[in-house]
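Beneath this line is the structure, given in structure tokens, with notes to follow.
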Amino acid sequence: TNPVNNPRFTINSLHQICSNPLKALNQKECNRILGDVGLQGGIIKEDGTLDLHRIFAAGLGNSKTPKKRSKKSRRIEVELGAGFGDWIVQKAIEDPSTDFMAVELRADRVAQIFARTAILSASKPIDNLCIVGGDSGALLHNQLQNESIDSFYINHPEPPTQTFGTDSQELLSIMNGGLEPAHMLNSHIILSMAKVLKKKSQSRLVIVTDNKWYGRLICATIQRVLKNHPDALYNVDISKLSNRNQRFKLVPFGEDGQFDIDDERMSVMMFEGQPDESIGYPAKGKNQRGESYFDRLWRSGGGSHAEKRTRFIIVMKPAGSD
């Protein structure tokens, strides 16, 4: 929801929900909360998916005649596992011409993203950010239409273990249809994102992790998807991107050479480098704008199996994009 219209009422409503996330809201309570942010009548289409245009085009501001957006189509970008919202809120501030969706499972973190947005909206309303509290898989499977999202970003996803992926045989098993460990970026989620991405030249799936072993697992998982759906996603070779400040370095995720990285259509590339504007990340200024909670954590010495400075990056694009 958008916290701009009536922050006190909406934050109190959110506090009620977060304090008892298992309590089902009745229709009257739902209508009251939606009505407070200009969404009387609901936000669900007949097919059960979210009406994203209606969500972002709702009346904005505190005036009696709030400003409404035009019907012109805008980009929609989603961060799955948004955590405390550092990254996605900064993106929304830097790019007011794009709409953003923060998706987070934990109710306490949803509340923190909401509070962060409300506080920063005091000087200038952040009216292009929607915060969704819920499971990423359920959202992708049930609430988002196919070809409705321009880009997905996943920043520092939680690995199943800190060292899973050190054994190439484990990865080969996953690539060939073996049992997957429990983690957010499983093959079902990857395939769902591929279906929901718009088939446009600028559409992207961007994954950033500080754990090399987990990066290997993600590569193997995407490879598993491509084995059964070879036209679902394609690599983006970010080493070829024009960047004066750095060059992204290809990382051989198959240490023993068992992974084929010659066929661009049927393989996945992982790169080492710092995410920047060339792959859609917020600019880092003098005040380290665009840094995440994890950047601050590693700078303080946290994370035993994570790289404090190195980031591993995987970028894919949908089939059918230019």
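Near residue 130, the amide H atoms lying under 5 Å from its own belong to 100, 101, 102; only residues 5 or more places off or on other chains count, and H is placed 1.01 Å from N.
Summarising the amide proton neighbourhood of residue 145: residues at separation of 5 or more, or on other chains, whose placed amide H is nearer than 5 Å comprise 50. Would you please classify the overall shape of the range 73-158 from the alpha carbon gyration tensor, given that a ≥ b ≥ c denote the square roots of the eigenvalues, rounded means a/c under 1.5, and beyond that prolate means a/b larger than b/c while oblate covers the rest? It is oblate, given that a/c is not under 1.5 and a/b is not larger than b/c. Along the range 92-101 the Karplus relation, 6.51 cos²θ - 1.76 cosθ + 1.60 evaluated at θ = phi - 60°, assigns HN-Hα couplings of 5, 5, 6, 10, x, 7, 10, 9, 10, 10 Hz to successive residues, with x for each Gly and Pro. Compactness check for the range 127-198: Cα Rg over 2.2 N^0.38 Å is 1.30. When only alpha carbons are used to place a centre, the range 155-201 and the range 96-153 end up 22 Å from one another. Computed with a 1.4 Å probe over protein heavy atoms only, the accessible surface of the range 99-204 comes to 43 Å² per residue.
The values are calculated or read from the model by the stated rules, or taken from the named source; none is laboratory data. Please read these numbers as outputs of a predicted model, since none were measured by experiment. The protein model used for the area step is the full one, side chains on, heavy atoms only, and it has no ligands, DNA or RNA in it. Shrake-Rupley method; radii C 1.70, N 1.55, O 1.52, S 1.80 Å.
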